[in-house]
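The structure appears right after this line, and notes come after that.
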DNA sequence: CAAATTATAGTAAACGTTTTCTATATTTCT
DNA sequence: AGAAATATAGAAAACGTTTACTATAATTTG
C-alpha cells in the first residue's frame, strides 16, 4: 500500500504538508502545493491508512450499531437509513446483532471501543443504556426504536400516540362508534401507548367503550384470531376492530370471516406497522406505516451532531407515521380492485 | 483508555511479554507470568488498541461486506449468517449497501482497504469481481448469492437445479402431467437455470410441454397474474403451474381464482423462494426455501479458511434448499387448516 | 527601510502495538 | 561437570499518521 511518505517524496514536500492536505486540516497550505499533492495522491492511488490515523487521533470513522434483533421487520430498514447518512459523511458502521443474550451488550461495547468507535447507535434495544453510560467511555450514543419503558433523551422513536390516534380517528370519521381494540404484548411499552391513545381518543369523542371490547393479545396472528373471536362474542357487537399491529389485524380478519361476516361491510378492521401481510391480505388491510428509514437517518444525524458539537440539550424525538388506507376499513380509497393494488406493489425481485 | 504499558508496569514485566500474552502469540511465556498478566489485564480492564495492532500487523479483524441490495428479502438473513460466524471468530463486519450505483463498488472497496479489511464478502452482487481481483489488493473474497452469469470459484449459491427439480418432481409425483411454467426476469441467471431445469425434468419424465405453457414473466405479482391468464388461455389447459418465484405464484393464484377455478383442485400452483406472501396467501403456497442463513455461514467459513491457509483449490459451492409443502399443490401435508398453519408462524413481534 | 507580522513549510515526537534481536537463566546432553 | 540447547524475558525498532514546535520566505507596517 502506498503511504504518505511516497506522496511527499514525489510531490517534493514534507509528509506534514501532505498530511495537512489529505486530512483537510485548516492549517494553511498554498493552493499550488495543495493541488500538486492531490494530483500525486490521485495518480499513485494513495489513501490514508486509517489505523495509523486512528492511532494518532483516537478517532476511527467507525460507528458501532448494536441491534437486539436483526431479524425484525424494522431493523434492516432502520440500518439502511443510518448508513445512508453515515456513509455520506465518511463513516463506516460496525453492525452487531445481540441475539438471545448470547453476547452481553457490555462485551460488544467493549470490543467496539477496542476498535475506537466514535459513537454508538442502539437499534430496537431492550437494554437501557443511560445508566450504563460510563461503559460507553464517554462516546455519544443514540437509540432508535427504543423498546424499554423508561424515557431516554437520546431516543428516536415513532410517535405512537399520534399514529394510534390516526387510525381511531379514521374509523370515527367513517362513522364508526362501536370500536373494539386488540392490544399488543404488554411487555412492550408501545402496547400501553397505543392502547391508551385508543382510550383517550374514544373518550375525547364522547364514546363509551363497551364491555368486552378490549382484549389483551400478543403480537402474532393466532392471538389476533382468538382475540377477535372473543370480541365478536361480546354482548354488544362492535362495527370495527382496531388491532395493535398487522399480525393481530390479520388474525382478526380471519376470525371475522370465519364467523361468516364481511370485512369491511360488517366489521371494519385496521392494523398498525404496515407489515407485508397487510398488502397481501384479502381484503387488504388499512394500517399505519412507520418512517423507519427516516428514523435511521435522524438517528445518524443526531449522532453526527453530537460528534461535532460537544454539548447540547437533547430530548426524546418523536417521528410521525402515515395512515395507509386500504380495503379493510371501508373507506373509498381502500376500494381499489385487487389488480390495481398489486400493480403498485414493490415486491423485491428474485435472484 | 488503559494501555499495554500500564499492564506491564503493574504486572512487573515488559510490554513485549504482555503483548505476547494478549495476542495469543505462540511465543513461549511461562504459565505463572501469563496468568499474572491476564489477571492484571482483567483487573484494570485492558483491551488492546486495535488501531495500533492493525498498524503494526496490517490486519484489522474487519471484513468488508458489500451488498448490491440491502432491501432484498434475502440480504438481511445472509448477513446474519455471515456475522454469526465472523463474530465468534473475533471479526467485525463493515457492511455497505451500494444502491443505484450511487457509489461505485471500486470506491467502496478502496475505502474499505483504507480500513485494512482482511477480506471481502459480496452479497447478491451484480458485479463480477474476479477480473477486478487486483483492486482487492490480494485480499481474499467470497461471493454469496451471485447474480451475474459467469461462474466464479469463490461463490456460494443456492442449488437452483436441484431446488427447481424438487418442485417439478413433486407435481409429477402428485400425478400432474400438464405442467405449465412462468419464468422469471431473464436478466437474472437463475431464471434460465430454473427454466432449464423444468424443461429437463419434463423431458426426463417423457412429457411433452404443451403449446403456450411457458410464459416469460418478470418477478412481480402483476406479471404472475398476466402470465397465468395467458397460460389459462392455452389450447390444452394445464393442471398445474410452476412459477419461478413466489410473487409470480401469488399472481398466478389470483388469476386462476379470477377465472373461477379452484386451487389446488382445478389448478395446482407452486412457487419458489419461501417469500412471506406464500405463508399468508389463501390457499397457502407450496414453495422452496433457500438456506440463506446457512449460505451466509458457509461464506464466512470459506473466507476464514482462506485467511488462515494461503492457497487452496476453490470451486463454486451449491447449497440445496428445501421443499415446503403447503396447500396450493394439493398434497396431503398442505391441507392443514388455516389456524394450524398460522400457529406455526414466527411472525416477528411488534415494537 | 528595518521591524514586525504573516504565510507556508519542515522536523520530530508521539500514538500503542508487534516482533526481531539479544540476553539471561535453566535444563539437557555427553 | 562443562557444553550445548532450551525456555523465558527484555530492549528497541518499526508501522503511517498527526501535530506542536521551529524555521524561513514573503508581506505588511511604522
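Any read-out appearing in this document is the output of simple, stated calculations on the displayed coordinates, not a laboratory observation. Just so it is clear, the model here is predicted, and its values are computed rather than measured. Please note: Cβ atoms are built from the backbone with ideal geometry, for glycine as well, and neighbour counts cover all protein chains shown.
Scoring residue B:5 on the criteria (1) within 8 Å of chain A (Cβ to nearest Cβ); (2) within 9 Å of DNA strand C (Cβ to nearest atom) leaves a single failure, condition (1). Listed by position, the strands (runs of 3 or more DSSP E) enclosed by segment B:220-302 that each have at least 1 residues that are free of Cβ contacts under 8 Å to residues at least 40 places away in the same chain and within 14 Å of chain A (Cβ to nearest Cβ) are B:287-289.
Being part of a helix (DSSP H, G or I), more than 16 Å from DNA strand D (Cβ to nearest atom) and more than 9 Å from chain B (Cβ to nearest Cβ) holds for only one residue in A:78, A:63, and it is A:78.
When you scan segment B:84-91, do you find a residue that is more than 8 Å from every other protein chain (Cβ to nearest Cβ), assigned to a helix (DSSP H, G or I), surrounded by fewer than 13 Cβ atoms within 10 Å (Cβ to Cβ) and within 11 Å of DNA strand D (Cβ to nearest atom), even just one? The answer is no, given that none of the residues of segment B:84-91 is more than 8 Å from every other protein chain (Cβ to nearest Cβ), assigned to a helix (DSSP H, G or I), surrounded by fewer than 13 Cβ atoms within 10 Å (Cβ to Cβ) and within 11 Å of DNA strand D (Cβ to nearest atom). Checked against (1) assigned to a strand (DSSP E or B); (2) within 9 Å of chain B (Cβ to nearest Cβ), residue A:52 passes all but a single condition, namely (1).
Condition first: near DNA strand D (Cβ under 9 Å from one of its atoms), over 30 Å from residue A:95 (Cα atoms), away from chain A (no Cβ under 12 Å) and not in a loop (DSSP other than H, G, I, E, B). Can you find one or more residues in segment B:19-30 that meet it? No, segment B:19-30 contains no residue that is near DNA strand D (Cβ under 9 Å from one of its atoms), over 30 Å from residue A:95 (Cα atoms), away from chain A (no Cβ under 12 Å) and not in a loop (DSSP other than H, G, I, E, B). For segment B:232-246, filtered to residues that are closer than 19 Å to residue B:261 by Cα and buried (at least 24 other Cβ atoms within 10 Å of the Cβ), the residue that is farthest from the chain's Cα centre (by Cα) is B:240. Kindly provide the set of residues from segment A:10-46 that are free of Cβ contacts under 8 Å to residues at least 24 places away in the same chain and surrounded by 14 or more Cβ atoms within 10 Å (Cβ to Cβ), ordered by number. Scanning segment A:10-46 gives A:15, A:17, A:18, A:19, A:20, A:21, A:29, A:33, A:34, A:38.
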